[in-house]
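Worksheet: the structure to be examined is printed underneath.
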Amino acid sequence: MNSFLITKERSELQPTLLDLEKHQGISIMAHSFIRFEACFTDKEHQRDCLFFGSKRGFDFYLEQYTLSPESELACIGKKTAEHIQNQGFKVSFVGEDSGDSNSVSKKLRIWLKDKKITFVYSDKSAKKISSALEKDQFEELVVYKTRLVPRKLERVPELVVFTSPSNVDAFFLANEGNNQTQYIAWGKTTQEALKKKGYDAVYTLKTAQQEELLDYFTKHETGN
């Protein structure tokens, strides 16, 4: 592999991932095909227990609402938990396999017991985390919008790492797929979005973290 595209901005990439360029001579194209904007709402919702599916969702939430010290916070995975904790808040539930929404949903149900929870979403969220819960056990609150920003590439690299279903949709609005390009999916929901376009992922991240992607590349390059 000489190059790959990842649907994140370069500023979002961890130094260890960028080191692939220096140490392995792999060219990294980093470009997001989506953008975000606040979705202001005066919707009332219970704040005793809230679930955040991303760092971005937490930040947009704080732009509109105040969190009580008594609020119990839950989130999709380790990186989102660290982001929340770095802002001085305690996280009571952290999803283990953040790339597998169904797994997180089942474990969240066990943790919740009979408590009610509010899911903080984007308008394009797949909303799969609530799948294991009863409908009267949760509320949904949209705090930001995801906008598609299609961009025609002069050359599609041999590997594309899709980090969200929306990036899959925006990419294929302007670019044609081919059988020579391989795809990596950032979790099962992104894998399903790719499948709908007629393509299979050669690998699907289980934790949806850059460390796992780096581990995949390291094993791939060494032939393990």
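All of the numbers you see were taken from the coordinates with simple rules; none came from a lab. Because the structure is predicted, anything quoted here is derived from the model rather than measured. Here Cβ is always computed from backbone atoms with ideal geometry, including for glycine, and neighbour counts include all displayed protein chains.
What whole-number distance in Å separates the alpha-carbon centres of region 124-150 and region 58-120?
Centre-to-centre distance over Cα atoms comes out at 13 Å.
Over 21 Å apart: what share of the alpha carbon pairs of region 133-224 falls there, rounded to a whole percent?
It works out to 43 percent of all Cα pairs.
On a 30 Å Cα-Cα criterion, which of the cross-link pairs Lys116/Lys145; Lys22/Lys145; Lys113/Lys219 come out too long?
On the way: Lys116/Lys145 25 Å; Lys22/Lys145 36 Å; Lys113/Lys219 40 Å.
In this structure, Lys22/Lys145; Lys113/Lys219 exceed 30 Å between Cα atoms.
For the chain, what's the relative contact order in percent, using C-alpha pairs closer than 8 Å and at least 6 residues apart?
Values: 409 pairs, mean separation 51.0, N = 224.
Relative contact order comes out at 23 percent.
Lys and Arg at +1, Asp and Glu at -1: add these up for the other residues within a Cβ distance under 11 Å of Leu205 and post the number. Don't skip to the end; give the middle numbers.
Details: positive: Lys188, Lys206; negative: Asp97, Asp100, Glu211, Glu212, Asp215.
Combined, the nearby Lys, Arg, Asp and Glu give -3.
When all C-alpha to C-alpha distances in region 36-146 are sorted into bins of 5 Å, what percent of pairs does each bin hold, rounded to whole numbers?
Spelled out per bin, shortest first, that is 2, 13, 25, 27, 22, 10, 1.
Cβ under 10 Å from Gly95's Cβ, Gly95 left aside: what net charge do those residues give with Lys, Arg +1 and Asp, Glu -1? Write out the running numbers ahead of the final one.
Working: positive: Lys78, Lys107; negative: Glu96, Asp97, Asp100.
Net local charge, Gly95 excluded: -1.
Translational D (Stokes-Einstein, µm²/s) of the chain at 10 °C and 1.306 mPa s when Rh comes from the Kirkwood sum over C-alpha pairs?
86 µm²/s
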